[in-house]
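> Questions regarding the structure given below will be posed in turn.
The values are calculated or read from the model by the stated rules, or taken from the named source; none is laboratory data. Note that this is a predicted model, so its numbers are computed, not measured. A quick note on method: Cβ atoms are made from the backbone with ideal geometry, for glycine too, and the neighbour counts reach across all protein chains shown.
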Amino acid sequence: MQLFYNSEININDDDLIMSDSEHYHLTKVLRKKIDDKVYLTNGNGYLFEAIINKINTKSTQLKIINSNKKSAMEYGLHIGIAPTKKIDRFEWFLEKAIEIGVSSITPLICKYNERKSLNYTRLNKIAVSAMKQSLQIYLPKIEPIVSIKEFIESNQYKQKYIAHCKNSKKVHLSKIIKRKTNSSIIIGPEGGFTDDEISLAMDYNFIPVSLGSNRLRTETAGIVCCQTFSDVNNK
C-alpha cells in the first residue's frame, strides 16, 4: 500500500484535489491512472480510501469512497532531545524515531547545546515522509524548542526518565518501563547534561536510566529509547 497525506481531509469530505508534490508523486512517479485506488491519511488517525476521478496537468481529483478511524499506539512516548550540531544527524533521528514509533518530540536547549534553532518547515516534511513510509496514520507532533528547565517543570507525564552518562546508580530503561502507559524521556546534548540539569530533573521525579554500557551519540540514544519502548510494549 502506498500512503498519501493531506492534513485538511476529514470524514465529511466526498472528494479531494491533490496538487504539488503529492500530485506529482501520484501521477509521474507511481503513474496512477483514472479509477485507480489511493489511500490517504490526515495524520489524525483516519485512513481514507479513494478513487482517482480526473487527472490534470497540475492536480488530481479523488473521490473518497471509505474512511476508518484507526487506534493509536497502546503507549505514548514523548522525547525531549537536544538538537545535534550537525542538523543531518538530528533529521536522521527524527525520521527513524517516527518510523519506529513516537508520539511527540520536543527539541531542548541545554547548557552544552551547540544548536539552538531549527527549520520546522523542513522537519515537518521529514516527519510526514517518515509517517507515510512506515504506513502510520498518526503524525507525531514536533513541539517548539524550549529550555530543559521549562520542559522539566511543565512535564505532566506520570512516567518520566532521564538518560545520562554520569557515573551514578541507574536502572536499564528496559527494566523499568511500564507497558501501555504514557512516558516521557530526556536525551541530552553532545556535551552531556550538567549536574544541575540532572538534579533538577530528579527533583521533578525524573528517574535516571541507563541505555547500556556503551556511550552513545545523542541521536543514537534517541533511537535506542524508541526501540526499547517499542520492544517492551509489543512483547
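> Kindly establish whether P140 is surrounded by 15 or more Cβ atoms within 10 Å (Cβ to Cβ) and at pLDDT below 95.
Details: surrounded by 15 or more Cβ atoms within 10 Å (Cβ to Cβ): yes; at pLDDT below 95: no.
No, not satisfied.
> Continuing with this model, one more query. Any residue in the stretch 50-59 that is over 21 Å from Y157 (Cβ atoms), touching a Pro at 6+ places or on another chain (Cβ under 8 Å), in contact (Cβ under 8 Å) with a residue 12 or more places away in the chain and surrounded by 18 or more Cβ atoms within 10 Å (Cβ to Cβ)?
No, the stretch 50-59 contains no residue that is over 21 Å from Y157 (Cβ atoms), touching a Pro at 6+ places or on another chain (Cβ under 8 Å), in contact (Cβ under 8 Å) with a residue 12 or more places away in the chain and surrounded by 18 or more Cβ atoms within 10 Å (Cβ to Cβ).
> Does the stretch 70-89 hold any residues that are within 24 Å of Y157 (Cα to Cα) and out of contact with any strand residue (DSSP E or B) (no Cβ under 8 Å at 6 or more places or on another chain), and which are they?
Across the stretch 70-89, the qualifying residues are S71, E74.
> Turning to a different aspect of this structure: Looking only at the stretch 53-73, how many residues end up being outside any loop (DSSP other than H, G, I, E, B) and in contact with a Phe, Trp or Tyr (Cβ under 6 Å, 6 or more places away or on another chain)? Walk me through it before giving the result.
If we filter the stretch 53-73 for residues that are outside any loop (DSSP other than H, G, I, E, B), which is where we start, we get 53-55, 59-69.
Remaining after also requiring in contact with a Phe, Trp or Tyr (Cβ under 6 Å, 6 or more places away or on another chain): 64, 67, 69.
Total meeting the criteria: 3.
> Another question, then. Which residue out of N167, N113, N119, N155 is closer than 11 Å to G80 by Cα, polar (S, T, N, Q) and either exposed (fewer than 15 other Cβ atoms within 10 Å of the Cβ) or in contact (Cβ under 8 Å) with a residue 24 or more places away in the chain (or both)?
On the way: N167 fails: closer than 11 Å to G80 by Cα; N113 fails: closer than 11 Å to G80 by Cα; N119 fails: closer than 11 Å to G80 by Cα.
Of N167, N113, N119, N155, the one residue that is closer than 11 Å to G80 by Cα, polar (S, T, N, Q) and either exposed (fewer than 15 other Cβ atoms within 10 Å of the Cβ) or in contact (Cβ under 8 Å) with a residue 24 or more places away in the chain (or both) is N155.
> Further question: Sort through S129, S117, S174, S134 and tell me the only one that's closer than 22 Å to P189 by Cβ and among the hydroxyl-bearing types (S, T, Y).
None of the others qualify; the one that does is S117.
> Scan the stretch 191-198 and give yes if some residue there is touching a residue at least 24 places away in the same chain (Cβ under 8 Å), of a type in the set (V, I, T) and outside any loop (DSSP other than H, G, I, E, B), otherwise no.
Scanning the stretch 191-198, I find at least one residue that is touching a residue at least 24 places away in the same chain (Cβ under 8 Å), of a type in the set (V, I, T) and outside any loop (DSSP other than H, G, I, E, B), so the answer is yes.
> Right, something else. Kindly check whether there is at least one residue in the stretch 90-105 that is on the phi > 0 side of the Ramachandran plot and surrounded by 15 or more Cβ atoms within 10 Å (Cβ to Cβ).
yes
> Sticking with this one: E153 fails exactly one of the following numbered conditions: (1) closer than 30 Å to F4 by Cα; (2) over 18 Å from the mean Cα position of the chain (by Cα). What is the number of that condition?
All conditions are met except number (1).
> All but one of (1) of a type in the set (A, V, I, L, M); (2) over 18 Å from W92 (Cα atoms); (3) at pLDDT below 95 hold for I207; which doesn't?
It is condition (3) that I207 fails.
> Same structure, new question: Out of the residues in the stretch 19-52 that are in a strand (DSSP E or B) and among the charged types (D, E, K, R), state the one that is nearest to Q136 (Cα to Cα).
So the first thing to find is which residues in the stretch 19-52 are in a strand (DSSP E or B), and the list is 19, 37-41, 44, 46-52.
This time we only want the ones that are among the charged types (D, E, K, R), so: 37, 49.
Numbers: K37: 18, E49: 15 Å.
Ranking the candidates gives E49 first.
> Would you call V102 within 18 Å of F229 (Cα to Cα), of a type in the set (A, V, I, L, M, F, W, C) and touching a Leu at 6+ places or on another chain (Cβ under 9 Å)? Steps first, please.
Values: within 18 Å of F229 (Cα to Cα): yes; of a type in the set (A, V, I, L, M, F, W, C): yes; touching a Leu at 6+ places or on another chain (Cβ under 9 Å): yes.
Criteria met by V102.
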